[in-house]
Each structure stands twice: as C-alpha cells, then as structure tokens.
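Everything below concerns the one structure shown next.
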Amino acid sequence: MAMAGLYRRILPSPPAIDFASPEGKQLFIEAIQGGTMEGFFKLISYFQTQSEPAYCGLATLAMVLNALSIDPGRKWKGPWRWFDESMLDCCEPLEKVKAEGISFGKVVCLAHCSGAKVEAFRTNQSNIDDFRKHTGSGHFSPIGGYHAGRDMVLVLDVARFKYPPHWVPLTLLWEAMDTIDDSSGFRRGFMLISRLHRSPALLYTLSCKHESWIKIAEYLVEDVPKLLSCKDVKDVKDVLAIVFNSLPSKFLEFIKWVAEVRRREDAGQTLSPEEKERLGVKEEILKQVQEIRLHKHVTDFLLTGKSREKESPCLRKESCLTDIADSLCCQGAVFLEGNSNGFCCQKTCVKSNGDVQVDVLVPSSLEMHPATNDVLTVLLLALPPQTWFGIKHEKLLQDISSLVSIDSLPTLLQEEIMHLRGQLYILKRCKDEETEEDFGAPLI
C-alpha cells in the first residue's frame with residue numbers, strides 16, 4: 001500500500017526555540033559570550049543528516065568522530081579516510097540497525113571500537129546537575145552548546161528532515177532521557193566522547209563482524225580461567241596447550257592484522273611520508289613483540305609435538321597475505337569498493353579480477369605475512385591479568401605472570417596491548433543484552 005509522504009514537522013515552540021529564529025540567534029550570541037559553546041564550531045563543521053530513519057545513533061557518532069579528527073584507519077571512498085554511517089557496523093549489523101535502530105549500549109560499544117574515549121551515563125547513574133555540568137564544559141556530544149542564563153541546550157538533531165537545530169530547556173531534555181528504552185529495558189542517558197591520547201591499534205585489532213566472535217570472547221574471558229583452575233598444569237607448555245588447543249573455530253577471523261591498502265597510482269609507487277611513518281612504527285612494534293620472552297615460548301610450543309596432540313583447527317590454517325587482504329577487519333582498510341577476489345600472492349601486491357592493482361602496505365620484516373606466533377603472543381598479553389590467577393602451582397603462576405606482564409614493555413607495545421585488552425573487555429560487555437546496564441563503568 002502506498003504511504004503518504006511527509007515533509008518535515010512543525011517544531012513544537014514553545015518549549016523549543018528554532019536556532020535560526022531571532023530569539024535563537026540571541027541565545028547563541030549570549031551563550032558564546034558566556035563561554036559555553038566551545039564544542040559548537042567543530043560539531044557544526046561536520047553536521048550531517050542521518051541517511052536512514054533509524055540511523056540517528058550512527059549519524060550522531062559519525063559526526064562526533066569526524067569532529068574529533070579520529071582517523072578511522074580505512075577508506076570511505078576513493079583515497080579518503082572518513083567516518084560514515086555505513087562503516088559503523090562492528091557492534092550491530094547495519095540491516096538490524098536500519099530496521100530497529102540501535103541501543104545506547106551498542107553506540108558506546110561502537111565509539112570504543114572506533115578508537116574514541118567514552119564516558120557513558122544513564123540517568124539512573126547520574127543526575128541533572130551532572131548533565132548540566134558536562135553540557136557546558138565543551139565536551140563533544142550531540143549537544144552543540146548551552147545557555148547558562150536560560151538553562152537551555154542547543155540540539156543539533158541529525159534528523160534534519162524532521163527538525164532544524166533548536167534550543168530546548170535542559171530540564172525537559174533530561175526528562176526525555178530519564179525514561180525506559182523499550183528495546184533494552186534500561187534507562188536512556190548521555191555520553192561524553194573524546195579523542196584518545198594514543199593512536200588506535202597499529203598491528204592487530206579484534207573483529208566482531210563474524211558470528212563466532214561471541215563464543216571466542218566468552219572463551220577467552222570466561223572459559224580459559226576456569227580451565228586453568230581445574231587442570232593440573234605443571235609448566236608453561238601446559239598452560240599454552242590449554243589456551244591454544246581449545247580455541248574456537250574461526251579464531252583467526254577474530255584477531256586481525258590491521259592491513260592498510262593503497263591504490264597504485266600511475267604517477268609512481270612512492271609511499272607518502274604518512275605511509276612511511278606508519279610502516280616504520282609497525283615494524284618497530286612487531287620487532288618488540290618478537291624480542292620478548294613470551295614470543296619464544298609460543299614459537300617453541302608451535303614447533304613441538306605438544307601443540308599437535310589436540311590442535312585447534314584454527315591453528316592448522318596458514319595465514320596468507322591474500323587471506324589477510326581478503327578479510328580486512330573493521331579497523332583495517334577497505335579493499336576498493338569492498339570486493340576482493342582473485343589475488344596474486346606477491347610480497348606487497350594484490351591484484352583484483354579487473355585491471356586494478358593495489359598495494360598492501362606490509363612491513364618488510366614480515367616477509368610474506370604476519371606469523372601465527374606473533375598473533376598468539378599479542379593475544380596472551382592482551383588477556384586480563386586475572387586470567388592466570390587459577391594456576392595452583394605458585395612458582396608456575398609467578399613465571400606466567402612475569403611472561404605476560406606488560407609493565408616493562410616498551411611504550412608503543414604497551415599501548416597496542418592496552419588497546420586490544422580494552423577491545424576484548426568491551427566486546428565481552430557487548431556479548432549479552434543484559435550487560436547493557438554495565439556500559440557506564442569505565443574500561444579496565
């Protein structure tokens with residue numbers, strides 16, 4: 001049946017005040033003079049309209065991430081790296097968001113996975129005075145500014161096909177947030193999103209695009225500690241056998257090499273200064289991984305028969321550069337338009353079925369591809385410290401704790417590990433809908 005079209009809606013005024021009206025302009029001038037509009041100019045520079053009726057969460061997040069100048073680490077269109085709603089799919093399938101919208105907790109998950117720092121507050125975890133304080137502090141959020149004298153906030157609504165930007169009383173906005181979201185059963189809230197002081201992952205990242213990520217996250221965070229506590233492990237090889245030989249299938253689709261792809265230009269194949277710098281950092285971090293004692297233990301384990309006794313299917317599959325390029329993760333680079341078939345496996349070149357050829361930017365020290373022992377070493381370092389507390393033999397516990405400690409690691413590698421650990425933690429929170437209420441807590 002044909003549906004009647006709708007052209008915008010009338011802004012309910014009062015209580016709302018149109019931003020472009022004489023009164024709205026006056027409020028804007030006064031708020032600037034009062035110093036409570038610091039976030040406005042960055043946000044307005046990246047203001048966008050949501051592309052789907054249920055994409056308000058995705059559009060708001062894309063707008064904020066771009067305003068914060070966070071590099072998505074993958075291409076949007078052509079050579080440009082840019083956050084778009086279509087790229088924010090690592091915590092919820094886009095088709096599901098398109099049909100049902102997205103919950104508060106999943107937007108927090110998306111922000112974390114996109115490389116931002118997030119502080120989230122449901123209304124039952126804070127109060128209106130907290131909201132008022134944060135609104136006027138200049139943090140980036142969907143709120144464009146605050147008028148202290150009138151106690152009103154400027155809403156930069158991404159549903160611009162409905163309403164223009166408008167001022168609303170802060171108390172009214174709080175009342176609207178202080179309600180139950182039917183989809184999650186929890187109260188709504190607000191979040192403060194800011195730029196991290198460090199870069200997102202350069203070597204590896206966790207991907208929750210594949211359906212098996214839930215089982216893998218659960219295995220690493222819940223099952224491994226239980227297995228270690230109930231098994232009589234006597235040495236480091238026993239510990240590695242317990243962790244690796246029971247890995248769920250599709251594990252290599254969970255932890256991914258952050259592959260960077262660039263088009264081979266006609267003018268030449270010289271890397272840009274930015275690409276050279278990033279590759280240099282990658283090489284340095286990988287070298288640091290390979291120099292630690294844990295890496296030698298993992299390598300020896302993989303080379304001995306102990307790992308073959310009950311080897312996980314995921315460790316039998318050899319990683320090829322083409323596999324890596326063919327399954328680029330949510331924080332890796334998009335391969336052209338997303339189609340990557342028919343490769344020639346060369347050192348840095350991947351050729352598609354057409355006449356288009358691209359370069360996969362791989363550090364020279366990798367030779368053909370990042371090795372399995374590198375991946376597994378990084379994974380062990382990223383597991384929460386309490387993973388190993390169930391080991392009964394005190395001497396072995398001390399040895400393992402020393403091997404997986406990141407306290408003495410170089411700063412670059414520490415940051416890489418902490419990013420992965422934070423990702424694993426947020427994915428674990430994202431696993432079950434009942435954990436939605438826990439998103440206000442800070443990451444470990």
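For the pair LYS133 and LYS392, label points projected 7 Å from Cα toward Cβ lie 5.0 nm apart. The modelled label-to-label distance between ASP232 and ARG293, using points 7 Å beyond Cα along the C-beta direction, is 2.6 nm.
With one equal scatterer per alpha carbon and no solvent term, the Debye-computed log10 I(q)/I(0) for the stretch 55-202 at 0.10, 0.15, 0.18 1/Å reads -0.36, -0.82, -1.17.
Note on ARG150/LEU94: beta-carbon distance plugged into 1/(1 + (r/R0)^6) with R0 of 51 Å gives a FRET efficiency of 0.85.
Here the extension length gained between ARG81 and SER194 equals 38.8 nm, from 0.36 nm per residue of separation less the Cα-Cα distance.
Per residue, the accessible area of the stretch 45-156 comes to 40 Å² when a 1.4 Å probe rolls over the protein heavy atoms. Only protein atoms count toward the accessible area here, which uses a 1.4 Å probe; on the stretch 1-143, the carbon and sulfur part of that area reaches 57 percent.
The values are calculated or read from the model by the stated rules, or taken from the named source; none is laboratory data. Remember, it's a predicted structure, so these values are computed and weren't measured experimentally. Cβ: placed from backbone, ideal geometry, glycine included. Neighbour counts: every protein chain shown. The area values use the complete protein model at the heavy-atom level, side chains included, leaving out ligands, DNA and RNA. Shrake-Rupley method; radii C 1.70, N 1.55, O 1.52, S 1.80 Å.
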